[in-house]
Amino acid sequence: SQQGEEDPQALSIQEGENATMNCSYKTSINNLQWYRQNSGRGLVHLILIRSNEREKHSGRLRVTLDTSKKSSSLLITASRAADTASYFCATDGAAGNKLTFGGGTRVLVKP
Amino acid sequence: DTEVTQTPKHLVMGMTNKKSLKCEQHMGHRAMYWYKQKAKKPPELMFVYSYEKLSINESVPSRFSPECPNSSLLNLHLHALQPEDSALYLCASSQEERGHGEQFFGPGTRLTVL
């Protein structure tokens, strides 16, 4: 079963614009991670935010976490065509020992 | 070496065939995972190996049989598969065996069952 649900399911933007996607989850977590997947290939880890953190940055990526609302957002600033991919959030339960992935957001960045 | 490799990249098999998928990592990670991913869906966890022992089996049918010969290798043996088993099979590894940390994914094996 999916722990995280993401919205939107799909997003189309012009190069240079920002892209924002959201992830909601149901149970308490140790951390929340975001991954990128290019067209049927392996997933690449982008960023991990711990349950006691509220915001984290990595290059053009900004992740927020609101544990009271059980939600997270990923912002990609100044998007590039190379950012075209599917983005997944993944959570691990506080008592669990595995990652559960959200449904994913497909992002298309048009040149 | 921060790479997880998987072979083969593509596999086509009949329902009566026996085949194996292979995964290898040399990062010293003690946890290794198999995921199944259908098109436009998220990865679904199948198996977790921790310190070369099977720690999680997500109620996967017995036609899928995992094996961890040593800390660097993970195999998935396939037998009598069904067409609905066609999917991308992803292997991953992590330093932390409890899934709390970053997972490194291989490029996947695209499996087609005829």
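The values are calculated or read from the model by the stated rules, or taken from the named source; none is laboratory data. This one's a predicted model, so the numbers in the text were calculated from it and none came from an experiment. Ideal geometry is used to build each Cβ from the backbone, glycine not excepted, and the neighbour counts take in all protein chains shown. Calculation scope for accessible area: heavy atoms of the full protein, side chains included, ligands and nucleic acids excluded. Shrake-Rupley method; radii C 1.70, N 1.55, O 1.52, S 1.80 Å.
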Radius ratio Rg over Rh of chain A, counting only Cα atoms, Kirkwood formula for Rh: 0.96
Multiplying the sequence separation of A:D7 and A:K110 by 0.36 nm and subtracting their Cα-Cα distance, what value in nm do you get? 35.1 nm
Just to verify a number: FRET efficiency for B:S55 and A:S39, C-beta to C-beta distance, R0 = 25 Å, to 0.05? 0.20
Using protein heavy atoms only (no ligands, DNA or RNA), what is the total accessible area buried between B and A, 1.4 Å probe, nearest 100 Å²? 1800 Å²
Please list B:24-37, A:52-65 highest first by mean number of surrounding beta-carbon atoms within 10 Å per residue. B:24-37, A:52-65
Once you have the Kirkwood Rh of chain B from its Cα pairs, apply Stokes-Einstein at 25 °C and 0.890 mPa s and quote D in µm²/s. 176 µm²/s
When the accessible area of chain A is split by element with a 1.4 Å probe, what percent falls to carbon and sulfur? 46 percent
Just to confirm my understanding: which cysteines in the protein assembly as shown have no other cysteine beta carbon less than 4.7 Å from their beta carbon? B:C68
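Let me confirm one metric for peptide A:21-33, namely the mean number of other chain beta-carbon atoms within 10 Å of its residues' beta-carbons.
1
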Once Lys and Arg are counted +1 and Asp and Glu -1 for all other residues with Cβ under 13 Å from that of A:A90, the total becomes -3
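Which whole number in µm²/s is D for the protein assembly as shown by Stokes-Einstein, with the Kirkwood Rh taken over Cα pairs at 20 °C and 1.002 mPa s?
Details: Rh = 17.9 Å.
So the translational diffusion coefficient is about 119 µm²/s.
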Probe 1.4 Å, protein heavy atoms only - accessible area per residue of the protein assembly as shown in square angstrom: 47 Å²
Compactness of the stretch B:9-58 as Cα Rg over 2.2 N^0.38 Å, two decimals: 1.36
Relative to the compact-globule estimate 2.2 N^0.38 Å (N residues), the Cα gyration radius of the stretch A:49-111 stands at a ratio of 1.25
Report the net charge of residues surrounding B:C91, where surrounding means a beta-carbon distance below 12 angstrom and charges are Lys +1, Arg +1, Asp -1, Glu -1. 0
Can you give the charge dipole size of chain B about its Cα centre, rounded to the nearest 20 debye, using +1 on the beta carbon of Lys and Arg and -1 on the beta carbon of Asp and Glu? 440 debye
Please find, in a Gaussian network model of chain B (springs between Cα atoms separated by less than 10 Å), the residue of B:L90, B:L76, B:L54 whose mean-square fluctuation is greatest. B:L54
Can you give the average number of partner chain beta-carbon atoms within 10 Å of each beta-carbon in peptide A:35-47, as a whole number? 5
